[in-house]
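Each remark here refers to the structure printed beneath this line.
The values are calculated or read from the model by the stated rules, or taken from the named source; none is laboratory data. Because the structure is predicted, anything quoted here is derived from the model rather than measured. As a convention, Cβ positions derive from the backbone with ideal geometry for all residues, glycine included, and neighbour counts pool all protein chains shown. Accessible surface is based on the protein model in full, side chains and every heavy atom, while ligands, DNA and RNA are left aside. Shrake-Rupley method; radii C 1.70, N 1.55, O 1.52, S 1.80 Å.
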Amino acid sequence: MNKSVFLLLCIVMYLSIIPVSAQKFVPNYDESKIPAYTLPDPLIFENGSKVRTEKEWEKRREEILRIFESEVYGISPAWKGKIIPALLSSEANALDGTAVRREIRLTLKNGSKELPLVMLLYLPKTSERSPVFLGYNFNGNHTVTDEPGISVTGSWIRNNVSTGAAGNRASEAGRGKEASRWQVKEIISRGYGLATIYYGDADPDFDDGFKNGVHGLYDQQPDDSSWGTIAAWAWGLSRAMDYLETVAEVDPGRVIVMGHSRLGKTALWAGATDKRFAVVISNNSGCGGAALSKRVYGETVGSINESFPHWFCENFNKYNLKEELLPVDQHQLLALIAPRPVYVASAEEDQWADPKGEFLSCVKASPVYVLLGKKGFPDTGMPPVNTPVVGSIGYHIRTGGHDVTLYDWKQYLDFADLHLKRK
Ligand code: GCU
């Protein structure tokens, strides 16, 4: 064997022992290496004709929604079941007497199948019906504030040292550990309520073959376009909304759906599929959320499908390393929310989530808002850090990393005031 054949053999052998994943999905963080891409125009029908009126947009909206369902998140079933609420606890003087706090078990009943979800609800003390933020938490309701009365929720929890979860069960050690991400006192003092549910109650965050969580409410043989876990979580938010509509102190016309990271992707999909959400907030949602997939920057379609095979529908795998073939991109997800206000937040150090791709999504969703009579989102390039751009679409990039901070909440509350505050 000559020397060069030997060398070649060595390289082939070396490559074959590197895991396929490591060979395939190397994240790009270099703007100059972004492939040339063309984004599908939200205002052009699949047959090439232009969307000119609000009525035509409604048709185009359906078209885009169907593509996102069959190719990205999966199709969720229609809900024909019952929700049976049961009050588990009630505190009339929570948060130093400024709020009412309740825990409510919502039993979702579909025929003989049942699933309990526990909602933690804080409401400001006022005689008016309150606007409410609704979002999932990552580690159990008791992690959201340090108030002792909240019961420890969360099975199917990810083992997480910081929140004291062990053996996939939440524990007392997690109490208050996520308080900085929720800022309940600030929310209440600004006149808003907060409703939250542990996300794993709605669907556990692993590939369980459709057995648990809301998937388990249906006898379903999953196919390539069946609802993945993000769609299941979003569907669960719609069930939470069904309940909030029945709460006397809540204004059902002013429910703001909000989520961070994978739950930001979820909030966007919930806002796109359920028009009852008056405002939608995506915090650092990144790939499969607000960031454009076709930029192939940071986390990519192939890498997210490999790490989280249960999040999207099977069909989404067709676009692994082939983002150019995607018939939709995430600016169209934002456009599905129009004309309702949507806020996208990025963080400077969270390059994995592609802040610029999130910003560009706002820019590219803007024409739909304009068609619907709203002020467009200015295409003036990335704003400086900690300088929100606010209209019907809001955007900021703050300093720091992948997180939800008081700064983020202040912008969301201002945004909600701008759009929902009764004058
Ligand atoms: C991972 C994942 C992201 C996701 C994030 C989260 O980083 O790659 O897509 O947003 O987890 O949910 O925390």
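Of note:
- Those residues of the range 344-374 which are of a type in the set (A, V, I, L, M) and open to solvent by 10 Å² or more (accessible area, probe 1.4 Å), in sequence order: Leu360, Val363, Val370, Leu371, Leu372
- Selection from the range 201-242 of residues that are under 12 Å from Trp311 (Cα atoms) and free of Cβ contacts under 8 Å to residues at least 24 places away in the same chain: Gly209, Phe210
Here is a yes/no grid of residues against (1) touching an Asp or Glu at 6+ places or on another chain (Cβ under 9 Å); (2) more than 15 Å from the ligand (Cβ to nearest atom); (3) in contact (Cβ under 8 Å) with a residue 60 or more places away in the chain:
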position: Thr246; (1), (2), (3): no, yes, yes
position: Gly253; (1), (2), (3): no, yes, no
position: Met258; (1), (2), (3): no, no, yes
position: Lys265; (1), (2), (3): no, no, no
position: Ala272; (1), (2), (3): no, yes, yes
position: Val279; (1), (2), (3): no, yes, yes
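- Residue in the range 196-212 that is open to solvent by less than 10 Å² (accessible area, probe 1.4 Å) and touching a Cys at 6+ places or on another chain (Cβ under 6 Å) present: no
- Only one of Ser151, Ser189, Ser155, Ser162 that is surrounded by fewer than 21 Cβ atoms within 10 Å (Cβ to Cβ), modelled with pLDDT under 95 and farther than 23 Å from Leu237 by Cα: Ser162
- Residue in the range 271-278 that is more than 21 Å from Arg66 (Cα to Cα) and either open to solvent by less than 10 Å² (accessible area, probe 1.4 Å) or of a type in the set (Val, Ile, Thr) (or both) present: no
- Arg422 modelled with pLDDT of 95 or more and charged (D, E, K, R): no
- Among all residues of the range 102-119, there is at least one that is among the charged types (D, E, K, R), modelled with pLDDT of 95 or more and open to solvent by less than 20 Å² (accessible area, probe 1.4 Å).
- Some residue of the range 380-388 being surrounded by 17 or more Cβ atoms within 10 Å (Cβ to Cβ) and at pLDDT 95 or above: yes
- Residues in the range 315-336 that are crowded, with 16+ Cβ neighbours inside 10 Å and of a type in the set (D, E, K, R): Glu323, Asp329.
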